[in-house]
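Engineer: The structure follows.
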Amino acid sequence: RGFAARERYLTYAAARGIQTRWRGHLAREQYSRYRAATAIQARWRGFVPREQYLMYVAARRIQARWRRFVPREQYLMYVGARRIQRRWRGVLARERYLACVATTLIQARWRGFLAREQYVMYRAATAIQTRWRGFLAHEQYVMYRAA
């Protein structure tokens with residue numbers, strides 16, 4: 001009877017030892033998987049904010065360049081418009097100047113023409129007066145000689 005009980009106990013103890021070792025192995029394996037999952041989760045939780053931060057930084061760079069580009073474009077448009085306006089005002093000023101010069105030239109020629117006409121009329125009047133006075137003087141001389 002003691003032998004059979006001892007035999008059962010040794011079988012029970014061996015089974016218990018095997019089960020203990022198997023459960024320990026399973027627990028260690030489960031703990032190893034848990035640690036791996038935790039490491040993956042930690043890396044993922046670090047990766048997502050880093051990605052979001054890098055996207056945020058990239059977006060800020062794009063925004064900064066765009067905000068610098070738009071006013072620069074507007075400034076260049078303003079400068080271009082000013083150049084066009086300046087050139088156009090120069091064209092208009094030259095046209096006004098040339099019109100003024102042409103007007104002055106026409107006026108000068110007209111005044112010269114009028115002055116020459118007046119001078120010709122003056123010379124003709126002087127010639128007529130000279131001839132008339134000469135005629136009157138000759139008439140007086142003829143009357144003086146006849147008297």
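Engineer: Could you say which residue among 59, 15, 5, 37 is part of a helix (DSSP H, G or I) and exposed (fewer than 10 other Cβ atoms within 10 Å of the Cβ)?
Structural biologist: 5
Engineer: Follow-up question, since we're still on this one. If the Cβ limit is 9 Å and pairs must be 6+ apart or interchain, which residue in region 47-69 that is touching a residue at least 24 places away in the same chain (Cβ under 8 Å) pairs with which residue that is exposed (fewer than 10 other Cβ atoms within 10 Å of the Cβ) and part of a helix (DSSP H, G or I)?
Structural biologist: none
Engineer: Got a sec? Which of 51, 73, 29 is surrounded by 10 or more Cβ atoms within 10 Å (Cβ to Cβ) and either at pLDDT 95 or above or over 40 Å from the mean Cα position of the chain (by Cα) (or both)?
Structural biologist: Among 51, 73, 29, only 29 is surrounded by 10 or more Cβ atoms within 10 Å (Cβ to Cβ) and either at pLDDT 95 or above or over 40 Å from the mean Cα position of the chain (by Cα) (or both).
The values are calculated or read from the model by the stated rules, or taken from the named source; none is laboratory data. From a predicted model like this one, the values you see are computed outputs, not experimental measurements. Please note: Cβ atoms are built from the backbone with ideal geometry, for glycine as well, and neighbour counts cover all protein chains shown.
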